[in-house]
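**Q** To start, I am sharing the structure in question, which I have written as structure tokens.
The values are calculated or read from the model by the stated rules, or taken from the named source; none is laboratory data. Just so it is clear, the model here is predicted, and its values are computed rather than measured. Virtual Cβ from ideal backbone geometry, glycine too; neighbours counted across all protein chains shown. Note: areas computed on protein heavy atoms with side chains; ligands, DNA, RNA excluded. Shrake-Rupley method; radii C 1.70, N 1.55, O 1.52, S 1.80 Å.
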Amino acid sequence: MNAYMIFQTKEETELAIAVNRNAQINDVRLARAKTSADRPEIALKNPIVVSLDVKAKHIETSGGQLLVEVSFRLAGSRKEDQSKKGTIICVECTFEVSYQLHPEFTPTIDQIKAFKDGNAIFNCWPYCRQYVQEMIQRMGYPPLILPLLRVQTKHHESRKLSKPE
């Protein structure tokens with residue numbers, strides 16, 4: 001089964017767990033969205049290569065709340081032209097996710113970074129999957145179901161999102 005993977009080091013995972021144990025999701029809202037597509041009857045004549053980018057950004061921590069913004073960008077391009085110019089379908093969505101923090105817990109900058117780059121993306125993933133599937137169909141394309149997202153411990157220094165081959 002294909003899956004998108006978030007790799008975090010053992011240290012990053014431990015930092016994220018500290019926040020996870022002291023946080024509860026309050027709200028997930030669609031903050032921004034943008035879609036574009038060529039006409040399906042023209043675009044679907046050739047194979048399409050799909051790419052996905054994701055970025056998480058810490059917005060604020062105040063009043064016992066942690067606010068994170070997670071942006072997803074799915075682009076479909078012609079196999080022979082994967083530049084921005086060759087993009088035939090694009091779905092972008094940004095979600096704001098707010099967490100209620102335990103009253104006696106104040107996360108460190110490193111804990112917030114690890115949490116936003118793992119847990120916050122993971123928490124927003126189902127909303128992204130639903131939004132992408134709905135928008136793709138509304139643009140006249142066949143359904144596209146994004147795979148599961150998995151967080152995996154990696155013994156490298158940096159976190160990254162990847163799709164296994």
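**Q** Within the range 89-105, how many residues are of a type in the set (S, T, Y) and either more than 30 Å from Y141 (Cα to Cα) or open to solvent by less than 10 Å² (accessible area, probe 1.4 Å) (or both)?
**A** Of the range 89-105, the ones of a type in the set (S, T, Y) are 94, 98-99.
With the extra rule that they be either more than 30 Å from Y141 (Cα to Cα) or open to solvent by less than 10 Å² (accessible area, probe 1.4 Å) (or both), the set shrinks to 98-99.
Going through the range 89-105 one residue at a time, the tally reaches 2.
**Q** Restricting to the range 106-121, and then to whatever is among the charged types (D, E, K, R) and crowded, with 21+ Cβ neighbours inside 10 Å, can you tell me which residue is nearest to N20 (Cα to Cα)? Don't jump to the end; show me each part of the working.
**A** Kept after step one, since they are among the charged types (D, E, K, R), are these residues of the range 106-121: 110, 113, 116-117.
Cutting the leftovers down to crowded, with 21+ Cβ neighbours inside 10 Å gives us 116-117.
Numbers: K116: 10, D117: 12 Å.
Only one residue tops the list, namely K116.
**Q** Here's another thing I want to ask about it. Could you tell me whether G86 is modelled with pLDDT under 95 and open to solvent by less than 10 Å² (accessible area, probe 1.4 Å)?
**A** yes
**Q** Among the residues of the range 95-132, write down those that are within 21 Å of F7 (Cα to Cα) and touching an Asp or Glu at 6+ places or on another chain (Cβ under 6 Å).
**A** Listed by number, the list holds a single entry, A114.
**Q** Now for a different question. Starting from the range 3-27, take each residue that is of a type in the set (K, R) and list its partners that are in a strand (DSSP E or B), counting only C-beta distances under 9 angstrom and pairs at least six apart or across chains.
**A** From the range 3-27, the pairs are K10/T153.
**Q** Further question on the same structure: Working only within the range 87-115, note down all residues that are more than 26 Å from T9 (Cα to Cα) and within 17 Å of the chain's Cα centre (by Cα).
**A** Start the filter on the range 87-115 by keeping residues that are more than 26 Å from T9 (Cα to Cα), which leaves 87-93, 103-104.
If the condition is that a residue be more than 26 Å from T9 (Cα to Cα) and within 17 Å of the chain's Cα centre (by Cα), then C90, V91, E92, C93 are the ones that fit.
**Q** Could you give me the residue pairs with C-beta distances under 8 Å whose first residue belongs to the range 141-152 and is part of a strand (DSSP E or B) and open to solvent by 30 Å² or more (accessible area, probe 1.4 Å), whose second residue is at pLDDT below 90 and of a type in the set (A, V, I, L, M) wherever it lies, and which are 6+ apart or on separate chains?
**A** If the second residue must be at pLDDT below 90 and of a type in the set (A, V, I, L, M), the pairs left are L148/M1; L148/A3; R150/A3.
**Q** Taking only the range 15-52 into account, find how many residues are out of contact with any helix residue (DSSP H, G or I) (no Cβ under 8 Å at 6 or more places or on another chain), closer than 18 Å to K116 by Cβ and either modelled with pLDDT of 95 or more or small (G, A, S) (or both). Full working, then the answer.
**A** The first filter runs over the range 15-52 and keeps only residues out of contact with any helix residue (DSSP H, G or I) (no Cβ under 8 Å at 6 or more places or on another chain), leaving 17, 21-22, 24, 26-27, 29, 31-32, 34, 36, 38-52.
Now narrow it down to the ones that are closer than 18 Å to K116 by Cβ: 17, 21-22, 24, 26-27, 29, 31-32, 52.
Restricting the remaining residues to those that are either modelled with pLDDT of 95 or more or small (G, A, S) (or both) gives 17, 21-22, 24, 26-27, 29, 31-32.
Total satisfying the criteria: 9.
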